[in-house]
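Participant: One structure, pasted below without further comment.
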Amino acid sequence: MKDDAIFAEALAMVDKYVFENPEISHFADHPHDSFIKSYLQLFFNPEQEEIYSDINIFAASARGYMPIGENLDFNLYKDSEISLTSSA
């Protein structure tokens, strides 16, 4: 991933990997029944350019906390870890 990637780009990279390796996809279990087809679609609202309100996000790296919940254009740190959970 490029050094100045943002959250949506990181999720798109995950989706690309999953699409190229369908055997690891959680969405492939019910391909015809599933409305959700990607992680980007599951967590990110592109029309509002925001993370869905029922998603909790924590992002950090050795450099510290990353405020991507407040600023989606925040450049991710190298070797960052992002945790997403649903409060619904």
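The values are calculated or read from the model by the stated rules, or taken from the named source; none is laboratory data. Please read these numbers as outputs of a predicted model, since none were measured by experiment. Here the Cβ positions follow ideal geometry from the backbone for every residue, glycine too, while neighbour counts run over all protein chains shown.
Participant: Take the residues in the stretch 35-64 that are of a type in the set (A, V, I, L, M, F, W, C) and over 13 Å from the mean Cα position of the chain (by Cα); name whichever of them is modelled with the lowest pLDDT. I'd like the intermediate steps shown before the answer.
Facilitator: Within the stretch 35-64, the subset of a type in the set (A, V, I, L, M, F, W, C) is 35-36, 40, 42-44, 51, 55, 57-60, 62.
From the residues that got through so far, the ones that are over 13 Å from the mean Cα position of the chain (by Cα) too are 35-36, 60, 62.
On the way: Phe35: 68, Ile36: 71, Ala60: 91, Ala62: 90.
Only one residue fits best here, namely Phe35.
Participant: If a residue must be without any contact (Cβ under 8 Å) to a residue 60 or more places away in the chain and part of a loop (DSSP other than H, G, I, E, B), how many such residues does the stretch 62-79 contain? Show your work before the answer.
Facilitator: Looking only at the stretch 62-79, we keep the residues that are without any contact (Cβ under 8 Å) to a residue 60 or more places away in the chain, and these are 62-67, 69-71, 77, 79.
Filter again for part of a loop (DSSP other than H, G, I, E, B), leaving 62-63, 66-67, 69-71, 77, 79.
So the answer is 9.
Participant: Tell me which of these His30 doesn't satisfy, since it passes every other one: (1) more than 19 Å from Thr85 (Cα to Cα); (2) at pLDDT 90 or above; (3) not aliphatic (A, V, I, L, M).
Facilitator: (2)
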